[in-house]
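Undergrad: After the structure tokens below, expect a handful of questions from me.
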Amino acid sequence: MSKDKKEKYESIYNSLKVGVITVSDRVYNKLMEDENYLTIKKILEDTGIKISYYSVVPDELELIEKELKYLVEKEFDLVLTNGGTGFGPRDLTPEATKKVITKETPGISELMRYEGFKNTPKAALSRAISGIANKTLIINLPGTPKGVKESLTAIIPILPHAYEMINQLSARH
């Protein structure tokens, strides 16, 4: 990557307004620590991205949807959810996300599954989705620290260009 492009990406990383939503009954009820959030925070900070908002909601469709809509209304650039993407009866994060987004971004979801699949075939069981609502990119991350790390590490390099495209800042688009 050229020096100019690196500086440009660093500038975008530093300016992103990022929200993180943990979807977990156990974390919400304080039965376990939010290790996923700690993993997300470290990875983002190491990249120069600061988290502006963090919340924990139980696995309830309406509450997840309400939280996503709130962050879209507050014009966040990026919202990362974690948890609720599996096959369990209370795993409803993708359904809530679909109610909020207007465009899906399947390549991001496919990239995360691909990276996870390199380490475990269980990654194919992820129902995580991603998409755009207004100018907010919403990405569902898995519900384990390992899955979060694999997925987030895979997509960080494409976030600046996604931001440029959403905000029509790229001269090529």
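Undergrad: Could you name every one of the strands (runs of 3 or more DSSP E) located completely within segment 1-101 that has at least 3 residues being in contact (Cβ under 8 Å) with a residue 12 or more places away in the chain, open to solvent by less than 30 Å² (accessible area, probe 1.4 Å) and not small (Gly, Ala, Ser)?
TA: Details: elements: 18-23, 51-57, 78-82.
Here the list reads 18-23, 78-82.
Undergrad: Let me ask something else about it. Would you mind telling me which numbered condition in (1) farther than 19 Å from Glu164 by Cβ; (2) open to solvent by 10 Å² or more (accessible area, probe 1.4 Å) Ser109 fails?
TA: (2)
Table: residues versus (1) buried (at least 16 other Cβ atoms within 10 Å of the Cβ); (2) of a type outside the set (A, V, I, L, M, F, W, C); (3) in contact (Cβ under 8 Å) with a residue 24 or more places away in the chain; (4) not in a strand (DSSP E or B).
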{"position": "Tyr114", "(1), (2), (3), (4)": "no, yes, yes, yes"}
{"position": "Ala123", "(1), (2), (3), (4)": "yes, no, yes, yes"}
{"position": "Gly131", "(1), (2), (3), (4)": "yes, yes, yes, no"}
{"position": "Leu137", "(1), (2), (3), (4)": "yes, no, yes, no"}
{"position": "Asn140", "(1), (2), (3), (4)": "yes, yes, yes, no"}
{"position": "Lys149", "(1), (2), (3), (4)": "yes, yes, yes, yes"}
{"position": "Thr153", "(1), (2), (3), (4)": "no, yes, yes, yes"}
{"position": "Ile156", "(1), (2), (3), (4)": "yes, no, yes, yes"}
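Undergrad: Let me ask another. Select from segment 158-173 the residues that are touching a residue at least 12 places away in the same chain (Cβ under 8 Å) and open to solvent by less than 30 Å² (accessible area, probe 1.4 Å) and write down the one among them that is nearest to Thr22 (Cα to Cα).
TA: At the first step, the residues of segment 158-173 found to be touching a residue at least 12 places away in the same chain (Cβ under 8 Å) are 158-160, 162-164, 166-167.
Next, only the ones that are open to solvent by less than 30 Å² (accessible area, probe 1.4 Å) stay: 159-160, 162, 164.
Details: Leu159: 20, Pro160: 23, Ala162: 23, Glu164: 26 Å.
Residue satisfying both the conditions and the ranking: Leu159.
The values are calculated or read from the model by the stated rules, or taken from the named source; none is laboratory data. It should be emphasised that the depicted structure is a prediction, and the values quoted were computed from it without experimental measurement. As a convention, Cβ positions derive from the backbone with ideal geometry for all residues, glycine included, and neighbour counts pool all protein chains shown. To get the accessible areas, we keep the full protein, side chains included, count just its heavy atoms, and leave off ligands, DNA and RNA. Shrake-Rupley method; radii C 1.70, N 1.55, O 1.52, S 1.80 Å.
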